[in-house]
Each structure stands twice: as structure tokens, then as C-alpha cells.
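The values are calculated or read from the model by the stated rules, or taken from the named source; none is laboratory data. What you see is a predicted model; the values in this text were computed from it and never measured. Please note: Cβ atoms are built from the backbone with ideal geometry, for glycine as well, and neighbour counts cover all protein chains shown. Protein only, heavy atoms only, side chains kept; ligands, DNA and RNA dropped before computing areas. Shrake-Rupley method; radii C 1.70, N 1.55, O 1.52, S 1.80 Å.
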Amino acid sequence: MIEQQPTPITVDETAIQELASRLRGALIRPGDTGYEQARAVYNGMIDRRPALIARCVDVADVMAAINFARDHQLTLAVRGGGHNGPGLGTCDDGLVIDLSEMKGIRVDPAARTVRVEGGCTWGDVDHATHAFGLATPSGFMSITGIGGLTLGGGIGYLARTLGLTIDNLLGVDMVLADGSFVTASTDEHADLFWAVRGGGGNFGVVTSFLFQLHPVSTVYGGPMLFPFAQAAEVMKFWRDFILQAPEEINGWFGFVTVPPAPPFPEQFHLQKMCAIVWCYSGAPEKADEVFQPIRASIPPVVDFAGPIPWPVLQSLFDALYPKGLQWYWKTDFFNELSDKAIDLHVKYGAQLPTMHSTMHLYLINGAVHRIGASDTAFSFRDANFAEVIVGVDPDPANNERMIGWARDYWMALHPYSAGGAYVNFMMDEDADRVQAAYRDNYVRLAEIKATYDPGNVFHVNQNIKPTR
Ligand SMILES: Cc1cc2nc3c(=O)[nH]c(=O)nc-3n(C[C@H](O)[C@H](O)[C@H](O)COP(=O)(O)OP(=O)(O)OC[C@H]3O[C@@H](n4cnc5c(N)ncnc54)[C@H](O)[C@@H]3O)c2cc1C
């Protein structure tokens, strides 16, 4: 649950001017030019009006902003890419630390690492690392912020092959609630490093991330589409195939409505279909051989899978989902996908309420399972699938209908779930859901929270309460 603490917005004007003079970046306030743009986050459903937005450009700015918010008891929100569903990168009345100007990236091709500042998106990172033929596991879109995605875990195309994003995180630079700066890795502040690998923004502001890179350059991937009438058959094939497939093959399953635009063939425009979106990162010369039995078993009616540069695959769906649409998320983890569950998926998939609304099943097996459930804060290392049901539409008039659909769909499938969900796909849910997301790791997270943020300064997140 997102804790709303009372926020006195009548901070002394002199103090605000003093903060502005301490910052290298801009301090934006209601009425300032650019305030409306600065307060907007990705989800158009979120309409919050912070009293102060600190556009931090360096670590010193972050320190000054945290100290100011804490000393004046202002609600403090931290924004990386601003993509969070329930809008946890902003707040009403308080102070927002906006990291979007902190875009520094340094690739070390010899060590195969990349140091990335907290305001980058995955597109920024892919652009920088692709020049060296390298990449690190991220998500399925390039416009998402590295900050929130990484701190929650990071589920993406390379998960089966190389693990979650946090499994490729080597260290972080952070500013804590008391304004102090620390680095955390397996060698320094190891407890903190354990906690930030899945525990979200609860522990401080990560000013930069150090990731392991891998030789991933051109992969074989893209969508295959199938008629909705074959949904159950395709889903069963996908389930049986992908759970046994070599780890260099990934492919998420989705229910989609075909956009009425090229490159989609006109006869499928606005039709509900099912999709598998592939990413094979193994030997390129073996790709056709790998996909031959797939194409033979369930021939797609649209087949876009082929060699594709990694950054292109990552940004394939960006244009479909521009900033400002209304988004409502529901989610759960699943260990298995039974035939009964598939029947329910088909029932609710047939009712996608708007063109942008969708249901995806992402894979979190393979390399993700090789890390123990208590080795990082992300605990669902035994689950196979992360389900995300999202109602999406440009028009708020459709919110009630699409929220109703998402809730009904989720309720129908929830009894088959593993009992918890990925924090990055959750909306504003209750404290029990946050605890369920971490299972046995919650107690340790609450203790680490008590060490590094006893006053819960960082509470605009899927909040872990400090507990000794
Ligand atoms: C279109 C879309 C596609 C997505 N695809 C994927 C996907 O493929 N895989 C996946 O795993 N998730 C995905 N997500 C979910 C995504 O991981 C979360 O929405 C995540 O919160 C976004 O991070 P952000 O930095 O953009 O968000 P923000 O709204 O900026 O922040 C989200 C939370 O993280 C905290 N935070 C952000 N940066 C920092 C930082 N540097 N230090 C401390 N705290 C910080 C914020 O305080 C806030 O609590 C997607 C979301 C969207 C909207």
C-alpha cells in the first residue's frame, strides 16, 4: 500500500530558495513554465501535483533534495523513467526527485560492464552498449526506466538465458535517507545490495547502476500471430514447448488486438489474435533449425520472426504505447499453466476491452531459477510465468470497462497462481500483497529497511515497513 503521510506544503519561501540555489538542476514549482509537462508520468490515469520537482543532475543534487524533503517532512517521491503503473514516481504536494537528466553511461568493453546513471531508459542503455555488440538483460520495451525496472527485478527477453536484470547487477551507488552516499555490492554493504535486488526504491536513491554485459547483438526474434480460434491449442503448444526449450529461446505469449496499420496485413486489422513474441539469442546459423519445428507444429498466419538487432527488438512496441494512455494493471506469478487455466485465459482473452488492452505471460524460468529464493530480495525463483493483465486506452471514458475486465480476469485466474506477484506489475495494492511478493524474504527486507531508512522517508513505493 502506498502510505500517504501528511505533507505540510507551506514550506518557508527562503528555505525553498536556498534549496534552488544548492541545486545544479532546475527546481520546478506549480505555475512555472514546464510544470505541467514535468509533473506528467507515463500512465495518463495518474494526475498528481507535487509542490517541488527537483531535476537532479548529479549526486550532490540528490543529496540536497533528500535532506530538504526529510528536514521539512515533505512526502518524497523518486522518479526514474516515470513508467510505474500506480505512479510511484510522483506524489501530491511533496517533493519529486526527478532523475531524468542523469543520463551518463560508460561502457567498459574490456570488462564487459556498463555504468548507467539513474535517469536512463533501457533505450539509452541499448544504444550505448549495442555499439560494442553487448547487452544486459532488461525488459520488453525500450522506453521503460532502468531505475524502477531494475530495483523490482527486471523480467525481459533474456531472462531464460541470462537471468533477471538484478542477476546481472554488479553494484549500485546510492544516496540514503540521511543524505549519505554509499556503494553497495557483494563486497560492500552486502545487506543493502541484497535488498535492492528486488526490494524496489525502499532503501534510497540509486544514482548509478553497474551491470554485467554479454555478447548479444543481432538475435532472432519478433512476433508470430495466430487466429484467436486456435488460442487454446497455441497456448498448450507454447506451454509444453517453452518449459522444455533450450535456455537461449524465449518467447512470451499474449492476447492482442492487431493494430490497424502496417506492417500488419489489412485482413487482420483490429482482429483479436494470440501472439508469441520470440527472442532466440543462440547461434544465428542454428535459428532456422530451431524455429522449424515451431512453425511446423503451429503455423502462424503472420510471421515476423527473423534476424533482428537487439535494440530493434527491444523497441518494437514502443510506438504502440506512447506516454499518456490510461493504464490499469493486474498481475500474479504462476508455477504452472493448467488446461483449466488455459480455458479461463481464452474466455477473458476473447473479451479484450480496447485495442491496446492485452494479457501477457512472461517466462521466469531457466537462468532465473538457478539463483536461490533467498539469494536476492526477489523470491519467486520457482515460478515459471509472470502474468500481466493490462487495460490500456487513450480515453478515460473507457476506464471503468477496462478496469472491470482486468479485475474479473485476474480474479478468475488468481486461484491458480503461486500466491504472489511481481511488484513492478502491481497497482496500488495492500500491504499483504507487498508481503506476498517477497514471501520469506519480507522479514529480512523490513530489518534492512530499519537499518537504512528507519523513518520510512522512502515510502512512495511498494512499501516495506521498517521493522526490527
Ligand atoms: C510500457 C511498460 C512496459 C514495461 N515492461 C516491463 C518489462 O518488460 N519488464 C519489467 O520487468 N517491467 C516492465 N514494466 C514495469 C516497470 O518495471 C515498472 O513500471 C517500473 O516501475 C518502471 O521503472 P521507472 O523507473 O520507469 O518508473 P518510476 O515511475 O520512475 O519509478 C518506479 C518506482 O521505482 C523507484 N525508483 C525509480 N528509479 C529509482 C532510483 N534510481 N532509485 C531509487 N528508486 C527508484 C521509484 O521511486 C518508484 O517507487 C513496464 C512498464 C511499462 C509502463
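Name the pairs whose Cβ atoms lie under 7 Å apart, with the first residue in the stretch 15-37 and closer than 13 Å to residue 97 by Cβ, the second open to solvent by 90 Å² or more (accessible area, probe 1.4 Å), and 6 or more positions between them or separate chains?
Matching pairs, first to second residue: 25/101.
Step by step: first the residues of the stretch 148-190, then only those that are part of a helix (DSSP H, G or I) and either among the hydrophobic types (A, V, I, L, M, F, W, C) or over 24 Å from residue 373 (Cβ atoms) (or both), then the one that is farthest from the ligand (Cβ to nearest atom). Which residue is that?
190
Please determine whether any residue of the stretch 236-245 is in contact with a Lys or Arg (Cβ under 9 Å, 6 or more places away or on another chain) and open to solvent by 60 Å² or more (accessible area, probe 1.4 Å).
no
Only one of these is of a type in the set (D, E, K, R) and farther than 29 Å from residue 343 by Cα: 439, 444, 407. Name it.
444
Working only within the stretch 44-64, note down all residues that are within 12 Å of the ligand (Cβ to nearest atom) and either within 24 Å of residue 395 (Cβ to Cβ) or open to solvent by less than 20 Å² (accessible area, probe 1.4 Å) (or both).
Answer for the stretch 44-64, where residues must be within 12 Å of the ligand (Cβ to nearest atom) and either within 24 Å of residue 395 (Cβ to Cβ) or open to solvent by less than 20 Å² (accessible area, probe 1.4 Å) (or both): 44, 45, 46, 48, 56, 62.
I'm told residue 385 meets every condition in (1) among the aromatic types (Phe, Trp, Tyr); (2) open to solvent by 10 Å² or more (accessible area, probe 1.4 Å); (3) closer than 16 Å to residue 161 by Cα except one. Can you identify the failing condition by its number?
If we test residue 385 against (1) among the aromatic types (Phe, Trp, Tyr); (2) open to solvent by 10 Å² or more (accessible area, probe 1.4 Å); (3) closer than 16 Å to residue 161 by Cα, just (2) comes out false.
Could you please find all residues in the stretch 235-255 being polar (S, T, N, Q) and in contact (Cβ under 8 Å) with a residue 24 or more places away in the chain?
250
Only helices (runs of 4 or more DSSP H) wholly contained in the stretch 270-369 count here; list those with 2 or more residues that are crowded, with 18+ Cβ neighbours inside 10 Å and over 21 Å from the mean Cα position of the chain (by Cα).
287-297, 339-349
Would you pick out the residues in the stretch 402-418 that are out of contact with any strand residue (DSSP E or B) (no Cβ under 8 Å at 6 or more places or on another chain) and open to solvent by 40 Å² or more (accessible area, probe 1.4 Å)?
408, 411, 415
Picking from 76, 134, 99, which residue would you name as being open to solvent by less than 50 Å² (accessible area, probe 1.4 Å), closer than 29 Å to residue 365 by Cβ and of a type outside the set (Phe, Trp, Tyr)?
It is 134.
Given the conditions (1) within 16 Å of the ligand (Cβ to nearest atom); (2) within 29 Å of residue 242 (Cα to Cα); (3) among the hydroxyl-bearing types (Ser, Thr, Tyr), report the number of the one that residue 452 does not fulfil.
Unmet condition: (2).
Just checking, which of 461, 424 is open to solvent by 20 Å² or more (accessible area, probe 1.4 Å), within 16 Å of the ligand (Cβ to nearest atom) and closer than 21 Å to residue 149 by Cα?
After ruling out the rest, the residue left standing is 424.
Six or more apart or on different chains, Cβ atoms under 8 Å: show the pairs whose first residue is in the stretch 70-87 and under 14 Å from residue 19 (Cα atoms) and whose second is more than 6 Å from the ligand (Cβ to nearest atom) and hydroxyl-bearing (Ser, Thr, Tyr).
The qualifying pairs are 74/7.
Considering only residues that are touching an Asp or Glu at 6+ places or on another chain (Cβ under 6 Å), open to solvent by 100 Å² or more (accessible area, probe 1.4 Å) and at pLDDT 50 or above, which ones fall in the stretch 1-24?
Passing the criteria: only 24.
Check off (1) closer than 30 Å to residue 214 by Cα; (2) in contact with a Leu (Cβ under 7 Å, 6 or more places away or on another chain); (3) outside any strand (DSSP E or B); (4) not charged (D, E, K, R) for residue 260 and give me the number that stays unchecked.
(1)
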